[in-house]
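Visitor: Here's a structure for you.
Bear in mind that the values in this text are calculations on the coordinates, not laboratory data. Every value quoted in this text rests on a predicted model; they were computed, and no experiment measured them. Cβ sites come from the backbone with ideal geometry, for glycine too, and all protein chains shown count toward neighbours.
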Amino acid sequence: MDVHLRAFQDRDFEFVRELYFETMRWAIERYFGWNRLQQEENFSTWFKSNEARIITADGTDAGWIQQRQDAGAIFLGSIYVTPAMQGKGIGTSVIQNLLYLAEHRSQAVTLAVMKINPAVRLYQRLGFRTTHEDDYKVYMRADPKTGGSCPTDSMQRW
């Protein structure tokens, strides 16, 4: 599968918002209850289009990622893959390429994920370790590997 990232465009807003609701509603409902208007307001406060990119797989929009540069680390704020495209290695590919980029920059990658999200296992498999927790989230970090190399073709794509 040919996985790439493309720039976020204004026309993508509905796609990213609806994908977030589709994939996270179950967890939000479990912790906080579901109120669509409140969730739309919450989404608009933390979603930053300048930090977002659309994940494509074989030319089709398959998800989105939001990341930003923090002090000495890349913060992976969000990654969502459409349910129809989950389990095909798309999220793994995107995260691995982000890890390669961070390694090239000698930086860590950090993230926060809901404790009940099955993605915790994916992050652990990809080398993230838990740094701390709160009532709802696990905070994780993947430090750059020493002596590793970044695949040139991957670096150019991301």
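Visitor: Can we say residue 27 is closer than 19 Å to residue 119 by Cβ, in a helix (DSSP H, G or I) and out of contact with any strand residue (DSSP E or B) (no Cβ under 6 Å at 6 or more places or on another chain)? Talk me through it step by step, then tell me what you get.
Guide: Details: closer than 19 Å to residue 119 by Cβ: yes; in a helix (DSSP H, G or I): yes; out of contact with any strand residue (DSSP E or B) (no Cβ under 6 Å at 6 or more places or on another chain): no.
It is false that residue 27 is closer than 19 Å to residue 119 by Cβ, in a helix (DSSP H, G or I) and out of contact with any strand residue (DSSP E or B) (no Cβ under 6 Å at 6 or more places or on another chain).
Visitor: Residue check, residue 9 against (1) surrounded by fewer than 12 Cβ atoms within 10 Å (Cβ to Cβ); (2) over 14 Å from residue 65 (Cα atoms); (3) polar (S, T, N, Q), all met but one. Which one?
Guide: Of the numbered conditions (1) surrounded by fewer than 12 Cβ atoms within 10 Å (Cβ to Cβ); (2) over 14 Å from residue 65 (Cα atoms); (3) polar (S, T, N, Q), the odd one out for residue 9 is (2).
Visitor: Give all pairs with beta carbons closer than 9 Å in which a residue from the stretch 73-94 that is over 12 Å from residue 1 (Cα atoms) meets a residue that is of a type in the set (S, T, N, Q) and part of a loop (DSSP other than H, G, I, E, B); count only pairs at least 6 apart in sequence or on separate chains.
Guide: 73/107; 74/107
Visitor: Within the stretch 19-50, take every residue that is free of Cβ contacts under 8 Å to residues at least 40 places away in the same chain and in contact with a Ser or Thr (Cβ under 9 Å, 6 or more places away or on another chain) and give me the one that is surrounded by the most Cβ atoms within 10 Å (Cβ to Cβ).
Guide: If we take residues in the stretch 19-50 being free of Cβ contacts under 8 Å to residues at least 40 places away in the same chain and in contact with a Ser or Thr (Cβ under 9 Å, 6 or more places away or on another chain), then 47 is surrounded by the most Cβ atoms within 10 Å (Cβ to Cβ).
Visitor: Does the stretch 76-100 hold any residues that are surrounded by fewer than 18 Cβ atoms within 10 Å (Cβ to Cβ) and of a type in the set (A, V, I, L, M), and which are they?
Guide: 84
Visitor: Next question, about the same structure. Yes or no: residue 52 of a type in the set (Gly, Ala, Ser) and more than 11 Å from the chain's Cα centre (by Cα)? Don't jump to the end; show me each part of the working.
Guide: On the way: of a type in the set (Gly, Ala, Ser): yes; more than 11 Å from the chain's Cα centre (by Cα): no.
For residue 52, the condition - of a type in the set (Gly, Ala, Ser) and more than 11 Å from the chain's Cα centre (by Cα) - is not met.
Visitor: Looking only at the stretch 51-70, which residues are surrounded by fewer than 16 Cβ atoms within 10 Å (Cβ to Cβ) and over 21 Å from residue 108 (Cβ atoms)?
Guide: Those that are surrounded by fewer than 16 Cβ atoms within 10 Å (Cβ to Cβ) and over 21 Å from residue 108 (Cβ atoms): 58, 59, 60.
Visitor: Okay, next question. Restricting the stretch 118-140 to residues that are hydroxyl-bearing (Ser, Thr, Tyr) and over 15 Å from residue 73 (Cα atoms), which is nearest to the chain's Cα centre (by Cα)?
Guide: Ranking the qualifying residues of the stretch 118-140, first place goes to 123.
Visitor: Does any residue of the stretch 56-71 turn out to be out of contact with any strand residue (DSSP E or B) (no Cβ under 8 Å at 6 or more places or on another chain), within 19 Å of residue 114 (Cβ to Cβ) and in contact (Cβ under 8 Å) with a residue 60 or more places away in the chain?
Guide: no
The rows are residues; the columns are (1) under 21 Å from residue 64 (Cα atoms); (2) polar (S, T, N, Q); (3) surrounded by fewer than 16 Cβ atoms within 10 Å (Cβ to Cβ).
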{"position": "112", "(1), (2), (3)": "yes, no, no"}
{"position": "117", "(1), (2), (3)": "yes, yes, no"}
{"position": "122", "(1), (2), (3)": "yes, no, yes"}
{"position": "125", "(1), (2), (3)": "yes, no, yes"}
{"position": "130", "(1), (2), (3)": "no, yes, yes"}
{"position": "133", "(1), (2), (3)": "no, no, yes"}
{"position": "139", "(1), (2), (3)": "yes, no, yes"}
{"position": "145", "(1), (2), (3)": "no, no, yes"}
